[in-house]
1. Given the alpha-carbon gyration tensor of segment 69-114, what are the semi-axes of its equivalent ellipsoid in whole angstrom, ordered largest first, with each equal to the square root of 5 times an eigenvalue?
2. For segment 476-576, max minus min Cα coordinate along each principal axis, in Å, sorted largest first?
3. Order these by the 10 Å Cβ neighbour count, fewest first: 484, 228.
4. I need 535, 669 ordered by Cβ neighbour count within 10 Å, fewest first.
5. Rank these for me by crowding, 180, 106, going from fewest to most other beta carbons within 10 Å.
6. Could you give me the radius of gyration and the Dmax of segment 244-409, taking only the C-alpha atoms into account and expressing both in angstrom?
7. How much length, in nm to one decimal, is gained on full extension between residue 346 and residue 369, taken as 0.36 nm per residue of separation minus their Cα-Cα distance?
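Just so you know, all these numbers are worked out from the coordinates, no wet-lab data involved. Keep in mind that this is a model prediction, so the values were computed, not measured. Don't worry about glycine lacking a Cβ; one is built from the backbone with ideal geometry, like all the others, and counts go over all protein chains shown.
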């Protein structure tokens, strides 16, 4: 029944710790319930099961423990006579799920729901109404979220197996946007099923493992629940790619034996230095240094991504330095936007770099810039001179709160908020730089929260408009992948799936329907451009009702959108928009030219805005020899000068984009002539113009 082994974080951990003066420190929980010996010798008897479960949930109050014991009795009676594939009584599964939730210190409603998560779906002895009447609405909501709707008595009997799977997954995704505990219970359920997957036939093992890698491990990552994520990934790797798993396991085991003495010596040296540092002893109550390694699946992904062979794998061990900061004296504040834990981590960083040479470009500051999951730590790679054979060693620095959040993510966050007396509160620590992600001695604002808000809004907008399969594909494709962060022009952080384009960004911030063009880092950029980490994106918007040209632009944007949710939004907009009155390239070019002139003449040009003019021009064209010189000549003849130019090609076609920033004192008729000449060039498929005239100071 015990559920989260110490090694499940992806590698062996050997910890050393020191408090002030080098003394080892230990602590015990307050209010821990007394554990009584089981009253029967049956390993599957209810008393034995309660004895095991109680070890994991002893942090609960006496009243909550009584509620959990009652839930065990209900589950025990409901599942009586049912067996698992192993031949064991089915009741061991919900008890194991409850144990996992207990080791995450989840609330009593979650523990009860873990015990009851299969009673409605797999038995006819308990209803949702029964659960609500005995344990309350909160438990019912979680159990309903866990229950496969297609297995209930009123489920769709005509649906195919894949259809039912998608319907159930859709229901789970929708439910978890209403209560995050639903997905945590589901992850605990999946984790125990993965631990016992060896009882299934090989084809079933591979199928479940692939689904776990596609959906549940990314969900755990999104929630910052690293320990569960790693165990799900490694178990899935073992069953989906058994040969690669065994080969990598042997290689990693051999490397650990080679590198352990060196890393152990480096840890010993660092611990000794910190024990003798009076300033560190003042700012830190204790420090623990763990020897860890990357998980097998993480190593496998990196080898594959970099096209490396197993023999190329060299350095796998890491040191994790976890510091417990001293409580600041009342009224003493350092003036830093960071809390005492972060300050101690930055001090440690300087100390380590004084001891050992850092490797250039290896430093990553996830305290100032957390990952999407909310993960915070400092990563640096050094050459530990004097510790034996020389090889790069990654060292991770974080405080004790960051470490708990790194391993348990949202589960720990929810618990810490509850300890502060407001379990319903959203994380809201605001950094001085305004990104809302920093660690200021409180809890982080996790960017993944936006993903769930977006998922919820998307579900509300498209409920009934898309199939269950399309819904699941959108969630898996748009909300679960690794994310990048970009910024709006006013500094607002926006998270997007890796590979997202400007079109995806525009629809993410709800201005896609009005987008004329975009600037990335101040440079006019084509809407098909993929965004990179920390890009600053400004969207130039069209005012007024949709024109025929704007509708055609939306059709074009549809081909640039990478996200399924973006494509659904564009298709919905086009479906509801007025029907186009013209067709064909000629009418399209006329409308394009008309729209370009409208933007420039009606909206932007007037006599009092004739100072410091800056105009942008973007051409979508065929990659033709001499075209740049021709366009430059046309621009010059209109009376405008070229301030800057950039060009880019499309990787999958012969399309080329020319981006110009223009300046000068051109009259509207000259701009009209410029549009006419661009229109006459056969190599140009489309173009867009606009400008940002600045009014003279009065």
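1. In descending order the semi-axes read 20, 13, 5 Å.
2. Principal extents (Cα only, largest first): 35, 32, 19 Å.
3. 484, 228
4. Listing 535, 669 from fewest to most nearby Cβ atoms yields 669, 535.
5. By the 10 Å Cβ count, ascending: 180, 106.
6. That works out to 17.0, 57 Å for Rg and Dmax.
7. Residue separation times 0.36 nm, minus the Cα-Cα distance, leaves 6.9 nm.
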